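Undergrad: Supplied in structure tokens, the structure appears directly below.
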Amino acid sequence: MKVFLIIRGQIPGTSPTIPGVFPSIFPLATTQPFGALPVMPVQAMTQQATRHARRVYVGGLSPTANEQSVATFFSEVMAAIGGNTAGPGDAVVNVYINHEKKFAFVEMRSVEEASNAMALDGIIFEGAPVKVRRPSDYNPSLAATLGPSQPSPNLNLAAVGLTQGFSGGLEGPDRIFVGGLPYYFTEAQIRELLESFGPLRGFDLVKDRETGNSKGYAFCVYQDLSVTDIACAALNGIKMGDKTLTVRRANQGATQPKPEQESILQHAQQQIALQRLILQPQGVPTKVVCLTQALNVDDLRDDEEYEDIVEDMRQEGGKYGELVNVVIPRPNPNGEPSPGVGKVFLEYSDVEGSKKAQVAMNGRKFGGNQVIAVYYPESKFAERDYDG
């Protein structure tokens, strides 16, 4: 099925009202003498002559893509990167989609804007990277006489999650797309999750240009390119809060890790499990915050060490509100199991204090350990039930 975009406000069967898009190729004015040959307007002739250089091929579209969504997306993206050179208004004037083959021809207002659009190769549209290319009827030698044939070097590609080094589907084969990120994840939290596999050479969390808020997806490249497929295999499909991550090479299909990489994958998956606990929402706030992985149990056996730990926790917890109680269960001297050993319970006089403490302490490191801070039921705490 082949579909053409009907310009907003245009009645099917009438001529488009967008300037330069064939407003009237053969006008028959009432004052024109009968039998006179119609004259094609100069502007329409110019648009027809430059059309091959103003069109952009966009491949790999999702099944839900339509003419309006494609037109709106590319107009907004062109504005975001500073690619509009023909004045105010939308850069896109027309869209044709072939739904069976999942590609579109996007017609720009000017040759220069079409050339700037070439820098958008690999951009994420509706959750998947798309190919942006010249159409098959593009004539390079003729196009060179009509306007710039290369994208402007001054485009702000970072505004839409692209960089000069990785724009273009073939230029960054190890560039990873990370989608489905909960919007409340901070840049530092996402980096820490990704760095479970090793240090990053590059990272970019895509944000809304006006609000500065996360758009829920990011790109990264590892210093050690051999871990690229390990990271994709381990992270793709896992749940983070109310979202499911989509992690893959930005311009290629997923590749399974090699057998010799399995040990690295297993270690990284353990780190991810920990990160999921740290990053997920921590339930309904109560006056009690429970810290896990904050202590070395052996340190609790010595009385002097224990008192120092309690005092340290009292000082740290007191930064966020009025503390009513600090409870740190100790191991039994006879070796029998003791409920809650390894945990720290901070009871505050109000929920405001506990909320500040939970946010501040969750994910922090104490003595080299990354702490998980969660709210604890007040009824269980009052009953000294520390196994919850």
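Undergrad: Using label points projected 7 Å from each Cα along Cα→Cβ, tell me how many nm separate R201 and N139, to one decimal.
TA: Modelled inter-label distance: 4.1 nm.
Undergrad: What is the local net charge at R54, summed over the other residues whose Cβ is closer than 15 Å to its Cβ (Lys, Arg +1; Asp, Glu -1)? Kindly include the intermediate steps, with their values, before the conclusion.
TA: On the way: positive: R51, R55, R109, R133, R134; negative: D90, E107, E112, E113, D137.
It works out to a net charge of 0.
Undergrad: Sort S149, S110, S136 by accessible area with a 1.4 Å probe, largest first. List each step's numbers first, then the result.
TA: Numbers: S149 50, S110 25, S136 125 Å².
The ranking, largest first, comes out as S136, S149, S110.
Undergrad: Let me ask something else. How much length is gained if the chain between A128 and K319 is pulled fully straight, taking 0.36 nm per residue apart and subtracting their Cα-Cα distance, in nm to one decimal? Write down the numbers at each step before the final one.
TA: Working: separation 191, 0.36 × 191 = 68.76 nm, distance 4.48 nm.
Going from the current span to full extension adds 64.3 nm.
Undergrad: Using amide H atoms built in the peptide plane, which far-off residues or other-chain residues are under 5 Å from N325 H to H?
TA: Those lying under 5 Å, H to H, from N325 are E347.
Undergrad: Using DSSP to call loops (not H, G, I, E or B), can you name the chymotrypsin sites (Phe, Trp or Tyr not before Pro) in the range 278-365 whose Cβ has at most 15 other Cβ atoms within 10 angstrom? Don't skip to the end; give the middle numbers.
TA: Working: sites: Y306, Y320, F345, Y348; in loops: Y320.
Qualifying residues, ordered by number: none.
Undergrad: Given a cut-off of 26 Å, what percent of all Cα-Cα pairs of the range 61-202 lie beyond it?
TA: Numbers: 2983 of 10011 pairs.
Result for the distance tail: 30 percent.
Undergrad: Same structure again: Quick one: Karplus J couplings for the range 346-358, per residue in order, coefficients 6.51, -1.76, 1.60, θ = phi - 60°, nearest Hz, x for Gly and Pro?
TA: Values per residue, Gly and Pro as x: 10, 9, 9, 6, 8, 5, 4, x, 5, 5, 4, 5, 4 Hz.
Undergrad: Measure up K207/K343; K207/K239; K207/K319; K215/K319; K215/K356; K319/K380 against 29 Å on the Cα-Cα distance and list the ones that go over. Could the numbers behind the result be given before it?
TA: Details: K207/K343 37 Å; K207/K239 21 Å; K207/K319 32 Å; K215/K319 33 Å; K215/K356 26 Å; K319/K380 25 Å.
In this structure, K207/K343; K207/K319; K215/K319 lie more than 29 Å apart at Cα.
Undergrad: Next question, about the same structure. As an exercise, identify the GluC sites (Glu not before Pro) in the range 283-331 lying in DSSP coil whose Cβ has no more than 15 other Cβ atoms within 10 Å. All intermediate terms of the calculation are to be shown ahead of the outcome.
TA: Values: sites: E304, E305, E307, E311, E316, E322; in loops: E322.
Passing sites in the range 283-331 are E322.
The values are calculated or read from the model by the stated rules, or taken from the named source; none is laboratory data. Quick caveat: nothing in here was measured; it's all calculated off a predicted structure. Ideal geometry is used to build each Cβ from the backbone, glycine not excepted, and the neighbour counts take in all protein chains shown. Areas reflect the complete protein model, heavy atoms only, side chains present, ligands, DNA and RNA absent. Shrake-Rupley method; radii C 1.70, N 1.55, O 1.52, S 1.80 Å.
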